[in-house]
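The values are calculated or read from the model by the stated rules, or taken from the named source; none is laboratory data. Because the structure is predicted, anything quoted here is derived from the model rather than measured. Cβ placement follows ideal geometry from the backbone for every residue including glycine, while neighbour counts extend to all protein chains displayed. All accessible areas refer to the heavy atoms of the entire protein, side chains included, with ligands and DNA or RNA removed. Shrake-Rupley method; radii C 1.70, N 1.55, O 1.52, S 1.80 Å.
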Amino acid sequence: MPSQSTFMASPNLRIILIDDNPGDRLLALRELTQEFPNLQAEQITDQAAFEGALATQRFDVVITDYQLHWGDGLQVLRRVKRRFPDCPVIMFTNSSNGELAAQAMKDGLDDYVTKSPRQYIRLAGAVRSALAFTRANRRVERLQSRLQTLLNRLHVGVFRASMGGRLIECNIAFLQLLGFTSSGQIQQLPFEQLYCPPPDGAPEGYWENEILLQRPDGSALWVLLSATLSAGEDGGIIDGLIEDISARKQNSEQLERRVRERTVQLEAANQELEAFTYSVSHDLREPLRNMQGLAQALLEDFPAQLSPTAHQYAQLIVRSSQQMDALIQDLLTYSRLGRADTHPQSVNLNTVISAVLTQLQTKLQEVGAEVRVDSPLPEVRGHFNTLVQILLNLLTNAIKFVAPGVAPRVRIRANAHDWEGSRWVRLWVEDNGIGISPQNHQRIFRVFERLHGSETYPGTGIGLAIVRKGIEQHGGRAGVEADLGQGSRFWIDLPAVSDG
Ligand code: ADP
């Protein structure tokens, strides 16, 4: 078949002219040469020449008479069209027979020109429009085949169907998604699944639907159907896309399940927290308020009987219990607020340490402890009362876990470092105590984990758990460097306050 590229590249128009009459051939060629100066015409007068031309495909257009001594124009037309369906064939004949013309058109004839003096001039125009038509046809065919290739490569199913459920066309992905291998297998589309009607009375519409498709092999698949309905045969035409959304569905189902589980866990944790805070506020704060009230009463009612030291002690009791009450109050508020509600502020660590030392003053004196602070300590972003609580726990431990007869020596210092793209302050609390063996470094931060009996070292086992929780709520970390008999160096990482 003469290809499109031959067509475009060659300026020559190659025709075969099949006519027994030399005069008619001459007239036809005269007309054609005027219109197409580069015409290459092969004149064919017998069957052998026609077969030869067919075999070598050396023509772009066929012009044939109807009456031939070796056959007729219809036979020529059919032979040409069978081999080269898009090669234009024009019949150029004496007989203006309507029936013959109709039959020829049915067989694919491109034009029909009668041999009358007035009609000769139409021949060139007929060739030109037949060529233009063929060219346009080929372009459409190429586009269609490119489109089909593209559609077949897509992982999205594309289909067109009538509202009555008849599949008009579709791509491979559509068949695969539905679980078929050929469109012939689809008798009737599963419309109850694929089609959810647009709102009543809407003659045209667009809709999207997530559908769980049941496939012939028993499997099911989540798809997203996007479809438009337009007027047409059989109640309307649906153009639709279907897309496999099973992965997305699975992910969102998993996510929903996890969210549900987490919500249940969170609710349980919140209830526990509520019970805890309730008991803390009742069981702890009430006796604390009594203590504070009684110490205050001592100061007010027996000023003369109290020695200066007793006076000082009573004042200390009042101050310490006030501080403790405030701390408990803050801890309750803090634990109720949770992480997101805590607004960190710029906190001066020296102020935190002073508050802790004031609170521990009596205890420090009792055990003869010496606390050295490498001032000035930097500022951090945090929650003041939580930091007081954390440092209080670390310092209490530092002076508590010492060997008998050893005076506690504590050093508090800080250094800055970068971690995960942010600046952090690492605050150290170092002691000369009994130390901790490395295998217990993680364990001791868990609730109620204690390494000693309460006769040797009294305590509840909650202190370090509060440290870790409080630090994590600051986005930081806590840890320890220690060995048995070597003292311990506890550290906490807190967000640094940027200078800018
Ligand atoms: P508590 O102090 O009430 O026992 P913590 O949670 O504060 O509870 O500490 C848990 C355990 O970690 C302690 O029982 C102790 O065995 C160990 N520990 C904590 N701090 C120190 C320290 N500075 N030196 C040695 N051991 C410590």
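Based on the alpha-carbon gyration tensor of the range 358-500 and its eigenvalue square roots a ≥ b ≥ c, which shape applies: rounded if a/c is under 1.5, prolate if not and a/b is larger than b/c, or oblate?
The shape class here is prolate.
List the equivalent ellipsoid semi-axes of the chain in whole Å, largest first, each obtained as the square root of 5λ for an eigenvalue λ of the Cα gyration tensor.
Semi-axes from the Cα gyration tensor: 103, 27, 20 Å.
So if we plug the beta-carbon distance of GLU42 and GLN176 into 1/(1 + (r/R0)^6) with R0 = 30 Å, what FRET efficiency do we get, rounded to 0.05?
Rounded to the nearest 0.05, the efficiency is 0.05.
Give or take rounding to whole Å, what are the principal axis extents of the alpha carbon atoms in the range 35-116, in descending order?
33, 28, 26
Per DSSP H run of at least 4 residues, take -39500 (n - 2.57); add these up for the chain, divide by its residues and hand me the 222 nm value, nearest 500 deg cm²/dmol.
Value at 222 nm, helices only, nearest 500: -15500 deg cm²/dmol.
Once both labels are modelled 7 Å past Cα along the beta-carbon direction, what's the LEU484-LEU143 spacing in nm?
8.7
Using the crude model of +1 on Lys and Arg Cβ and -1 on Asp and Glu Cβ, and no other charge, please compute the dipole size for the range 28-127 relative to its Cα centre, in debye to 20.
100
Could you tell me how far the Cα centroid of the range 38-89 sits from the Cα centroid of the range 246-321, in Å?
If you average the Cα positions of each part, the centres end up 104 Å apart.
Just tell me which lysines come within less than 16 Å, Cα to Cα, of LYS249; anything on the same chain fewer than 8 places away is out.
none
SER375 label point, 7 Å along Cα→Cβ, cut-off 20 Å on backbone N: hits in the range 385-401?
Inside the label zone: 385, 387-389, 391-392, 395-396.
Dipole of the range 368-446, Cα-centred, from +1 at each Lys and Arg C-beta and -1 at each Asp and Glu C-beta, to the nearest 20 debye?
In total the dipole reaches around 160 debye.
Would you mind classifying the range 70-136 by shape? Square roots of the alpha carbon gyration tensor eigenvalues, ordered a ≥ b ≥ c; an a/c under 1.5 is rounded, otherwise it is prolate if a/b is larger than b/c and oblate if not.
Cα axes put the range 70-136 in the oblate bin.
Can you list the lysines whose alpha carbon is less than 23 Å from that of LYS106, not counting same-chain residues fewer than 8 positions off?
LYS81, LYS115
So what's the gap between the Cα centers of the range 355-380 and the range 403-428, to the nearest angstrom?
So the two Cα centres are separated by 14 Å.
Please work out how much length the chain gains when fully extended from SER219 to GLN312, using 0.36 nm per residue of separation minus the C-alpha to C-alpha distance, in nm with one decimal.
My answer for the length gained is 25.2 nm.
Name the residues of the range 344-358 whose amide N is less than 19 Å from a point 7 angstrom out from the Cα of LEU273 along the C-beta direction?
344-345
Excluding residues on the same chain fewer than 8 positions from LYS363, give the lysines whose Cα lies under 26 Å from its Cα.
LYS400, LYS469
Which value in nm describes the separation of the simple spin-label points at LEU26 and PHE302, placed 7 Å from the Cα toward the beta carbon?
Taking the two extended label points, one gets 15.3 nm.
May I ask you to give the percent of accessible area on the range 83-161 that is carbon plus sulfur, with a probe radius of 1.4 Å?
Looking at the range 83-161 in its full context, I get 54 percent from C and S.
Which log10 I(q)/I(0) values, to two decimals, does the range 228-309 give at q = 0.13 Å⁻¹ under the Debye formula with one point per Cα?
The calculated log intensity ratios at q = 0.13 Å⁻¹ are -0.77.
Applying 1/(1 + (r/R0)^6) with R0 = 56 Å to the Cβ-Cβ distance of ASN97 and ARG258, what FRET efficiency is obtained, to the nearest 0.05?
For R0 = 56 Å, the calculated efficiency reads 0.10.
What number comes out for accessible area per residue over the chain if the probe is 1.4 Å? Units Å², please.
With all protein chains present, the chain gives 56 Å² per residue.
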